[in-house]
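Values quoted throughout were computed directly from the atomic coordinates according to the rules given, and no laboratory measurement underlies them. The model shown is predicted, which means the values in this text are computed figures rather than measured ones. Don't worry about glycine lacking a Cβ; one is built from the backbone with ideal geometry, like all the others, and counts go over all protein chains shown.
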């Protein structure tokens, strides 16, 4: 298992050398635009990292000897304020169940980890503590590593734990790859806790699904531009389109991307247009069913949904959730059997009860892929999805519901989770926390039309110096843009000529699409490293 326990400053000479390399690259990329270059004073992000030496001559094994209990109890008592009080008998019971690891150095116990394999299959990490004299030597990481091996041998799907919110140990668990699920308080207790979990089964990689708006003229220009200058066979692996609300030309361009580029095409239901009052749900249901039956070549088919908005009353939300769940299941059963395995049901609602209604209905209908659409909305017509605190809590609830369903064996395979309508790439890094497998965004096209571009894990930046209301402050100069490119590691053929990037919105669109791809690959690389134990902090 890979972790990042703390930080280590790079030697000053090495930091200076890295800064010189970045400055030289920026200079080379900006000189041709006639701008005066001066290196920006920025602190290398590696400056904030502090390392910890690996543990030396420390062995970790299952505790077997009752004589070890006094030393274990002594370490636990040293952290009574953090761990609470634990009796010697409780450690003896864990030892008898072989659910207690001890770390020894020079024959002396310097740490322990107590755990429990639950009846329903997951593993609970109950306590971990290191002798004060042995801290900062990687002993905690070794203990958790042994627990990982133990859990994988038992095919435990997940490790869970609780930790008071005010303890520094929360950072330790986050750096080990645990995901924080939610915050709660035990009944009768006033100390709030964070819940953490570490999934042990291999997660599917995150996928970017490019949302293609009804813009046939854009596609008519984008496709030949990519085929002439694109750095690879395709700009993205997946794209999503709303077939009932696009022109026939758009669908023909989408089929071209499928047949010539190998892009996997998703069909969206168009529930948004019901929300906008442009079509009745009953008409959407009938027309969409006819279209899906006539086009069996798509990779995914989104079931019809009735989208509640932030402006709906509780009664209206309840009704829309009921319709989404019941009619979606009915729609699934009316589809040809050949495409039922490719459907995606949308979880709607404003509280966990609503989400469970949808989940249970889709489960009974055999739906195996789910989408989250219950963001709060903004804009004049509620057309903008917002990741508010309330929406984040709903995502937390979805993750817990899916985890419970998978552990209880209510599904034949792990359920995939898709996020609809993601606006900005600076949110993408958070998706792994929620067990997300895919997300779609039209931002790569839309923001380019306003003179903006994206860079990995950052918000939009304006490059045209326009006066649009959707621009983000003063436009970037070439030097400022290429400095950001170097800092984020971005390089693509569509932004090598800054004046062309400023003047051509189709160039900006492909630049943005490439950025989304870079982000998903970076996240997937990190996930693989965490799962394989290959990343060394």
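The packing ranking, built from the mean of other Cβ atoms within 10 Å per residue, places the peptides 334-341, 193-200 in the order 193-200, 334-341, highest first.
Between the beta carbons of residue 93 and residue 180, assuming R0 = 25 Å, the FRET efficiency works out to 0.30 to the nearest 0.05. Distance between the modelled labels on residue 152 and residue 136, one decimal in nanometres: 3.1 nm (7 Å Cα→Cβ projection). Using a cutoff of 8 angstrom between alpha carbon atoms and counting only pairs six or more residues apart, the relative contact order for the stretch 58-199 works out to 18 percent.
Note on residue 61 and residue 392: the extension gain reaches 115.2 nm, defined as 0.36 nm multiplied by sequence separation minus the Cα-Cα distance.
Full extension of the chain between residue 282 and residue 429 yields a length gain of 49.2 nm, computed as 0.36 nm times the residue separation minus the alpha carbon distance. For an R0 of 35 angstrom, estimate the FRET efficiency from the Cβ-Cβ distance between residue 213 and residue 404 and round to the nearest 0.05. The formula returns an efficiency of 0.45 here.
Segment residue 85..residue 353, full-extension length gain: 92.8 nm, with 0.36 nm per residue of separation and the alpha-carbon distance subtracted. By the beta-carbon count within 10 Å of each Cβ, the least crowded to most crowded order of 418, 117, fewest first, is 117, 418. With neighbour counts taken as other beta-carbon atoms within 10 Å, the residues 393, 113 rank, fewest first, as 393, 113. The residues 485, 239, when put in order of fewest to most other Cβ atoms within 10 Å, stand as 485, 239.
Between residue 311 and residue 258, the C-beta separation translates, for a Förster distance of 41 Å, into a calculated FRET efficiency of about 0.65.
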